[in-house]
Amino acid sequence: MSGKTEASLSSFRALGKRIGMAIFYAILIILAIFQILPLVWLLFFSLKNNQEVFNTPLLALPSPPRWENYVKVWVEGDIGRYFFNSVWITAVSVIFTVLLASFATFALTRMNWRLKHVVLGMFIVGLMIPVHSTLIPLFGFFTKLQLIDHPMSIILTNIGFNLPITIMILLGFYHSLPRELEESAIIDGCSVHRMFFQVILPMTSPVIVTTTIINMIYNWNEFVFVNTFISSEQYKTLTVGIQNFIGQYTTDWGAIGATLMISVLPILIAFFFLSDKIVEGITAGAIKG
Amino acid sequence: MNKMMSDKKVIALYILPSLLLLLTLVYIPIVMTGYYSFMKWDGIGRMEFIALDNYKELLKDKMFWKSVYHSFLLAVFSVISLAGYLAVSLVLSGKIKGAHLLRKIYLIPMLLSSVAIAQLWLRIYHPSNGMLNHFLLFLGIDDPPNWLADPSIALYSIFVPIIWQYAGFYILIYYAALKSIPASIMEAAIIDGANPWQLAYKIKLPLIAGVVKVTIVLAVVGSLKYFDLIYVMTGGGPNGASEVIASYMYQKAFRSFNFGYGSTVAFSLLLICVLVTWLIRKLTRSNEEIQY
């Protein structure tokens, strides 16, 4: 008898466990839908005209899908120019940020000097500082240097404000590099510079890829600086450009959807191919910070 | 070797470019913001020293305190939602098929620009054609609210996309921390007869307490200085109903061209962030530094 109760108890437990797991999966999947649904809806309405946005089901494709929305905003809305600005400003900013941060991390982890912990502390605290507390002096500073409404102001601030996070991600990797390599390089008669460029930099390539991707995302999405420092259309990047463009076309849903899709597509494509690196970079940056 | 790595000229060459950029773009501006906060200045004309007048005005400025209240409200919401992310991560880090993929899906919104997110959610909240009210009408709710125009709910309406934006980020961090707990510790606890709840409360949570502390600081400071979505979606409106400290500063400095008073708000924002960070670190000091 006791065996029978035990058996029914254990099958009851197994059932409970299965229901529990089902609930867990349901929660996880609902969360995933919540995270992804707005973007799916965006894709759908970017392919509709107003008539179809208002009258067809939320998640239904019109036939035929109106790809002309994309052509229209790219040509008429000058989205192409904003896109090009975003590309080159992001590229220049990322190259300098990663290179300068690698220099700094090398000095912070490999060289011997007295103030290095103070300087490291300054980079760590730099992570916490609100951008808005620097905005007014930076505006004055760039005005004096005649860099206001000039892409240089954006590139400089992109570099300055992303150096701390980049150095934090690099630090962990540099700490794990064996010192014997440098020693043997130096015994072989290498100068510090040759050692850095020919030994250290190539060895850190995995983490350089990670920091490059993270910086690309941050710079691509930068908004406050461009919005504050840049006023002429010819230098605006995609974030501020779409903001202005949408302001003019508030009623054309298809055009707005297509503009937004164009602005997020490069990030989504990068994510599709490089998600492991992105995950790694975000985790490392956050936990170290 | 040591001699080469102690050469002052070489060290300067490697550290100075970054350090100078950090100083000129971050630290010197902060000092200058503090200095401007004692000035009457429109950004173009001459500065006039007015001592603490800006701060006296700030103390009486109802709109400033309202924005401070809203920023702290966002901080409270963010910290409460951390508990939810932690629960999700505990489940996700268990024996869940597809966990690897799910945490990546959760992360996607965080990678998009705030402007794109804001514009997208402006459409979602659109009173007649938005996804949300479309859905509510479908459910038979005849008179769905005007989410961003109604002052009593506008602020909360913006909290939702902010949380949507960052959920995946925190889940990712917790997930990574939970996965890094050595298997031997978990096995030992299971052999000792710990059930899943005890494993979570007595073993996993204490072991990732350091990471939880970091995320609390990140969530609170991130909320206090939050700007982007609010600026794009409502500009702080309607009638200040969704104004936060950073958007108020931006409006004072770059819309009303009151650079002196804007600096006072900006410097107060910095002080609030520093103070709150220090306070959280002090309050959570006891459960620091767990080694395993």
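The values are calculated or read from the model by the stated rules, or taken from the named source; none is laboratory data. Worth saying up front: this structure is predicted, and the values here are computed from it rather than measured. Cβ: placed from backbone, ideal geometry, glycine included. Neighbour counts: every protein chain shown. Areas reflect the complete protein model, heavy atoms only, side chains present, ligands, DNA and RNA absent. Shrake-Rupley method; radii C 1.70, N 1.55, O 1.52, S 1.80 Å.
Observations on the structure shown:
- The largest accessible area among B:Val79, A:Val71 belongs to the first residue in A:Val71, B:Val79, and the rest follow in falling order (1.4 Å probe, all chains).
- By the rule of a C-alpha distance below 13 Å, with chain neighbours fewer than 8 residues away ignored, the aspartates and glutamates paired with B:Lys62 are B:Glu243.
- Ranking by accessible area, most exposed first, for A:Val224, A:Val209 with a 1.4 Å probe: A:Val209, A:Val224
- About the centre of its Cα atoms, the protein assembly as shown shows a dipole size close to 1160 debye [charges on the beta carbon of Lys, Arg (+1) and Asp, Glu (-1) only; nearest 20 debye].
- For A:Ala60, net neighbour charge (Lys/Arg +1, Asp/Glu -1) across residues whose Cβ lies under 12 Å away: 0
- Anisotropy class assigned to segment B:1-102 is oblate, per the alpha carbon gyration tensor with a/c at or over the 1.5 cut-off and a/b no larger than b/c.
- Per residue, in Å², the accessible surface of the protein assembly as shown once ligands and nucleic acids are set aside, probe 1.4 Å: 46 Å²
- Between the amide H of B:Met39 and those of B:Ile50, distances stay under 5 Å, these residues lying 5 or more places away or on another chain, with hydrogens modeled in the peptide plane.
- In this Cβ point-charge picture (+1 for Lys and Arg, -1 for Asp and Glu), chain B has a dipole of about 740 debye about its Cα centre.
- Cα point-scatterer Debye curve for the protein assembly as shown, base-10 log of I(q)/I(0) at q = 0.06, 0.08 Å⁻¹: -0.35, -0.62
- With θ taken as phi - 60° and the Karplus curve 6.51 cos²θ - 1.76 cosθ + 1.60 applied, the whole-hertz 3J(HN,Hα) list for segment B:64-77 is 4, 5, 5, 5, 4, 4, 4, 5, 5, 4, 4, 4, 4, 4 Hz, x standing for glycine and proline.
- 10 Å Cβ shell holding at most 11 others, DSSP loop, GluC sites (Glu not before Pro): longest site-free stretch of chain B: B:1-287
- Across B:Tyr166, B:Tyr156, B:Tyr175, the residue with the most accessible area heads the list, and the full order at a 1.4 Å probe is B:Tyr156, B:Tyr166, B:Tyr175.
- The modelled label-to-label distance for the pair A:Arg13/B:Arg46, using points 7 Å beyond Cα in the direction of Cβ, is 8.5 nm.
- Hull shadow area, averaged, chain B [alpha-carbon convex hull, nm²]: 23.2 nm²
- Computed over segment A:73-288, the Cα gyration tensor eigenvalues convert (square root of 5λ each) into semi-axes of 37, 20, 15 Å, ordered from largest to smallest.
- Residues in segment A:54-66 carry Karplus couplings, in order, of 7, 10, 9, x, 3, 10, 9, 7, x, 10, x, x, 8 Hz; the curve used is 6.51 cos²θ - 1.76 cosθ + 1.60 with θ = phi - 60°, and Gly or Pro positions show x.
- Within straight-line reach of B:Lys95, meaning a Cα separation under 16 Å, sit the following aspartates and glutamates at least 8 residues removed in sequence or on another chain: B:Glu187.
- Just checking the listed ones, B:Asp143, B:Asp228, B:Asp53: in the Gaussian network model of chain B with Cα springs under 10 Å, the one fluctuating most is B:Asp143.
- Top positive-direction residue, dipole computed over chain B with Cβ charges, set B:Pro17, B:Val88, B:Ile153: B:Pro17
- Segment A:2-45 - Rg over Rh from alpha carbon coordinates, Kirkwood radius: 1.45
- Dimensions of segment B:60-143 based on its C-alpha atoms, expressed as ranges along the principal axes with the largest first, amount to 53, 40, 27 Å.
- Among A:Gly20, A:Gly241, A:Gly126: highest mean-square fluctuation, GNM of chain A, C-alpha pairs under 10 Å: A:Gly20
- Once you reduce segment A:243-289 and segment A:57-100 to the center of their Cα atoms, the two points are 10 Å from each other.
- When the Cα positions of B:Leu205, A:Gly172, A:Leu156 are compared along the charge dipole of the protein assembly as shown, B:Leu205 comes out farthest toward the positive end, with charges on each C-beta of Lys, Arg, Asp and Glu.
- Comparing A:Ser102, A:Ile89, A:Ile129 along the charge dipole axis of segment A:40-132, the residue lying farthest to the positive side is A:Ser102, per the Cβ-charge model.
- With DNA, RNA and ligands ignored, accessible area of A:Glu233 (1.4 Å probe; Å², nearest 10): 70 Å²
- Cross-link table A:Lys277/B:Lys225; B:Lys9/B:Lys282; A:Lys17/B:Lys179; B:Lys40/B:Lys213, entries beyond 31 Å C-alpha to C-alpha: B:Lys9/B:Lys282; B:Lys40/B:Lys213
- Rounded to the nearest Hz, the phi-derived 3J(HN,Hα) couplings of segment B:221-234 under the Karplus curve 6.51 cos²θ - 1.76 cosθ + 1.60 (θ = phi - 60°) are 5, x, 5, 4, 9, 5, 9, 3, 4, 5, 4, 6, 7, 10, where x marks glycine and proline.
- Loop-located trypsin sites (Lys or Arg not before Pro) in segment A:54-118 (DSSP state not H, G, I, E or B) with no more than 11 neighbouring Cβ atoms inside 10 Å: A:Arg114.
- Charged-residue dipole, Cβ positions (Lys, Arg, Asp, Glu), segment A:73-288 about Cα centre, Debye nearest 20: 580 debye
- Among B:Gly235, B:Gly260, B:Gly210, the largest mean-square fluctuation in a Gaussian network model of chain B (Cα springs under 10 Å) belongs to B:Gly210.
- Shape of segment A:14-82, Cα gyration tensor, a/c cut at 1.5: prolate
- Of the DSSP H helices in chain A, those with a Cα length along their own long axis of 20 Å or more and a mean Kyte-Doolittle hydropathy reaching 1.0 comprise A:2-45, A:79-110, A:151-176, A:253-288.
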